[in-house]
Every structure is written in C-alpha cells, then in structure tokens.
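As structure tokens, the structure follows; a few thoughts come after it.
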Amino acid sequence: MARNTIVSRNRPGACPTIREALERLPSGGVIGIAPGEYHDSVVFRDRDIVLTAEEGPGTVVLSAAGSSDPAVWLESGALTLVEVTVRGGHGAGVLATGGQLRMRGCEAGSEYGAAVHAAAGATVALESCRIKDAQSGLSLEACTGTVERCTVETIGSDGIVVSLGADPVITDTVITDCGNRGIYVYQYGKPTIASCEVRQTGGEGISVAHQSNPTVRGTVVGSTEGPGMLVASGCGGLIDGCRFDEAGLRIESGATVRVIEAAETARVGVNAGGGEDADRVEPLLAELDSLIGLAEVKAEVRGLIDEMQVSEWRRLAGLGSSRSSRHLVFAGAPGTGKTTVARIYGKLLYALGVLPRDTLKEVSRRDLVGQYIGHTAEKTAGVFNEALGGVLFIDEAYTLSRSSGSGADFGQESIDTLVKLMEDHRDEVAVIAAGYTADMSDFLSANAGLASRFARIIAFESYTADELCLILRRIARADSYDVSEEVVDVLGEHFRGVDRGPSFGNAREARTLFEGIRKAQARRLRALGHMPTRDDLRTVT
C-alpha cells in the first residue's frame, strides 16, 4: 500500500477528503493536502500520520466552523501537522486526548473554544506555530511536551493555560493581546517558561494558583491590566532573571516561590501580611453605614464581620475558633444595592485578612453555562478560578435552576460544579448568589448540598419613596445639581404613585428619572435664548 497520498477535490486520482485518505494510508504515511478549505472533522487513532500543506503555509485550512467537534482530534498514536491552518467552531481547533501531537509552522484558532487543547496524558510538540483568533489559546491539561518559538495573539480569554499537573516546557514564545491572562498556571501545574515575552493582557501577565510550582526564567512581562505576575498563597516554584514592567511582581502571603534577580516586587492590592488591617475596617464599615436604607442588611453584614474578627482574635490568643462560611445569598428586587454591598463585603474580608484580594468578579448565567456536554463545567470552573482570592458575585443566580426551554439545558451542571468548587476552595473565595427573593428558594433547592454552603440569606427590601428621593438627590449632588425641597415633594408624590410590580428597578428607577430631569432642564435652558448663569445650570426646578 502507498505510504503517501494527496487530498484534493478536483485533482484526478486524489482523495477528495482527509478521512478517505486516512482510510487508504498505512501507519507512517504522509497526506499531502492541496490548497483549499476542508470541513471534514477527522479523528486520528493508533497510527503515525503526517498531514502537510502541499504548497506551504496559508494554503490549507482545516475547519470545523459551526460544529462543536474539533477540526482535528488525536485520540492515540502520533499525528504531525505541517504548515496547515486549523480553525475550530464551538470546540477546540486541535484536540489531543492522548498520543503524540506535533505541529510545525501551523496556525490554529477557534471561534468559541481553545485553539489547541491537549489533555489526558497527551504529549505535544509545537514549533514555530501561530496561535491566534481564539477564545483561549493553548490549553495544556494533565499533559507534557514543548512549545518553542511560537506566538499566541488576539485571544479572547487566557493565552496559555497549564493545569492538572501539566509540565510543558515553553520557550522563546510571545504571548500578546489576550482578554484575560497571558499565562495561567493552576491546579498543580509545573511548567517551565523560559525566554518568553508576555504583553497587552486584560488581567495578569502570568498568574499562578492552586498549589502550582512553575519555573519562570528570563521572561519579560509588561503592558498588563493586572499584576505583571501574581503568585497565590500555597504556590511555589522559581522566578529567575525576569523583568516585570509597570505592574510588577506580586506574591501573596503563604507562597513559597523563590525569586532571583527580579526587577520589581510589589504587593499592592494583595493582603501580603495575611492578617487584619484595622485601619481599613472602620472606614469600610462607615461606607456601609452611609448607604441609604438597608438597615437590616447593614446589621447582618456587621454581625458577620464581628464574628470573623472575634474568631481571628481568639485564634491569635491561642483559643479555639470556628471558621464559618463566608458565602451569602442576597435576596431582593433589582436596584436595591446588592452589588454595592457585595463589593464592600469583599473589601472587608480582605481588610480582615480573610481573603487575599479585594476583587469582585460579577457573572451571570451566560458566563457559566456552556453549549454542549462538558462545556458548562469547564466554563464554570474557569470563572470560579478567576474569582479565587476575592468575591464571586452571581447575579440572577436563580436562572441556573431554570430550563431555557430550548432543549438541553446545562444550568444544573453549573450548579453541581459550583457546589463542589465551593467545598474544595471554601477558604479561598466568597461566593454571593443574588436574585429575586421568591426565586432564590428554587435555586437553593436545585442541589442537596447547595443551601448548606451559604452562611445565611440576607434580604434586601425595596426602597421607600423617601429613600428613593434621597438616592436621587445624592445622584444629582454627585453631578453638581441642586434639588430643592419643593422638587423633593414632587418626587415623593411620583415614587409613592409608581407601579411597584416585578419590573420595578428601585435605585435604577431613581437614576432613570434623574436622566429625564436633566433632559427637561436642558430643554428649558436652551429655550432661554441666552447663556444661562452658573446657578441656572445647577438648579433643578
């Protein structure tokens, strides 16, 4: 049998598809592909096969557009891709769940998935490849191998993800223009990253979490929205001869990473001491008290903070102390300050040394629920991992326990994943689930263990008419407008008479009304026929 063959849709004697060529070819064969775009997703098993673009880079595209299947799937054996372009649709562009994957001079991307995803003991060897235009770049999970002289660019989320004990060697590679992190190492990842460059990221340049131990040598990181490199508590490894521009290197308390010749070290935004910062607690409690209304909410949050603070004092005194859950349910109508209180609560936990970061990640159903089996657990875990160290705020959480009415629904899968993650990382994050009071009971009953994960349910009452007037006046004052008592009387009549049905937005209604007031004032001042005075510009009538 011939040990090489050609794939072409219009050449006499050639195979019209890669799948047909694979059926004809023995192990050790080479499939040369004529220029064109090919949409036959192929699974490779048990043989050693080479796929090569007959006329070089940029001439052959293997596409899975519109499909959840990868364009190329290696299950076992060995597969070498040479100078081909691979485009995934809803799944990975290239998926390796075993065997040996080699890519040389290739380009890979995916509309909604990873450009290249290797897992389950696969071995990868990427050389001079371009990873671009994908939701995530390289996803290396429980695998090994090498990434040499590659570029990873224009990525929606993380450029390179190393997890579940994966130990690839990544050298001379440039990672740039990523929506989130450049390189994310978590769940016992132990890569070697050498002579690389990470720039223009929406999050950290390099982020290390969950007992990971990377070795990072001679790497330059800059132009990042988050820290140049963040090493979380419990992580180790080595950082040798690296340069972190602007945002610097940040190491949390409890990390054991060894640093040699780092250009800059900073700990801004991370509770490096791991203990209480009393100077920050009282101002934050004062900020909480300054919120309009919400008397019961303030009392509940203060009670939680008091318990945590006393528990820490008992621990420092050598007395027994219990560690209560910091996860909460915020139940109430929209516009009642749930997100604002969640943000203050997170900062209080950080100031008390309970959490290492003062960040809040706000998500909804669309950020957690995927489009096919297995996708939801991956998305939920990814979002959860991004929130670790701070607060994960799930808005309208009850929608996870409702069917979308469009066939398969994966909201329950997200809930089940959250329950496990909240238990596994109960000391590393605060989860706040928010939504309408009546609907949140359905959410809590969606999993037998869900309700027990939350410390308590805090009820957010709708604002009274007088409180809404105060909120509107505060909004106006922030924009340098004066609202007289006469105007407040009119506003009070309006808010007392407005329909308070399920769609009533509370503080959002006050802001919407203020925008209407501004427009009315603008029309009135334009009609004066002359430039108004400063008092005219400030006064609401």
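The values are calculated or read from the model by the stated rules, or taken from the named source; none is laboratory data. Given the structure is predicted, the values throughout are model-derived calculations rather than measurements. Cβ coordinates were reconstructed from backbone atoms using ideal geometry, including for glycine residues, and neighbour counts include every protein chain displayed. With ligands, DNA and RNA removed, areas are computed over all heavy atoms of the protein, side chains included. Shrake-Rupley method; radii C 1.70, N 1.55, O 1.52, S 1.80 Å.
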Test result for Gly226, in a loop (DSSP other than H, G, I, E, B) and over 16 Å from Thr144 (Cβ atoms): yes
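Could you tell me whether the stretch 81-101 includes any residue that is buried (at least 24 other Cβ atoms within 10 Å of the Cβ) and at pLDDT below 90?
Yes, that holds for at least one residue.
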Residues in the stretch 30-47 that are within 22 Å of Thr97 (Cβ to Cβ) and either open to solvent by less than 60 Å² (accessible area, probe 1.4 Å) or out of contact with any strand residue (DSSP E or B) (no Cβ under 7 Å at 6 or more places or on another chain) (or both) total 7
Residues located in the stretch 122-156, provided they are open to solvent by less than 50 Å² (accessible area, probe 1.4 Å) and of a type in the set (Gly, Ala, Ser): Ala122, Ala125, Ala134, Ser136, Gly137, Ser139, Ala142, Gly145, Gly156
Count - residues of the stretch 133-150 that are assigned to a strand (DSSP E or B) and over 20 Å from Val383 (Cα atoms): 6
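If you go through the stretch 25-45, how many residues are modelled with pLDDT of 85 or more and in a loop (DSSP other than H, G, I, E, B)?
Qualifying residue count for the region: 4.
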Filter result (over 15 Å from the mean Cα position of the chain (by Cα) and without any contact (Cβ under 8 Å) to a residue 12 or more places away in the chain) within the stretch 338-379: Gly374
Helices (runs of 4 or more DSSP H) wholly inside the stretch 401-516 that include at least 3 residues being free of Cβ contacts under 8 Å to residues at least 40 places away in the same chain, of a type in the set (A, V, I, L, M) and more than 17 Å from Ser364 (Cα to Cα): 465-478, 485-497
Of the residues that sit in the stretch 224-259 and are at pLDDT 85 or above and among the polar types (S, T, N, Q), which one is most open to solvent (accessible area, probe 1.4 Å)? Thr256
Somewhere in the stretch 161-172, is a residue touching a Gly at 6+ places or on another chain (Cβ under 8 Å), open to solvent by less than 20 Å² (accessible area, probe 1.4 Å) and hydroxyl-bearing (Ser, Thr, Tyr)? yes
Keeping to the stretch 154-203, report how many residues are among the aliphatic types (A, V, I, L, M) and under 21 Å from Glu107 (Cβ atoms). 8
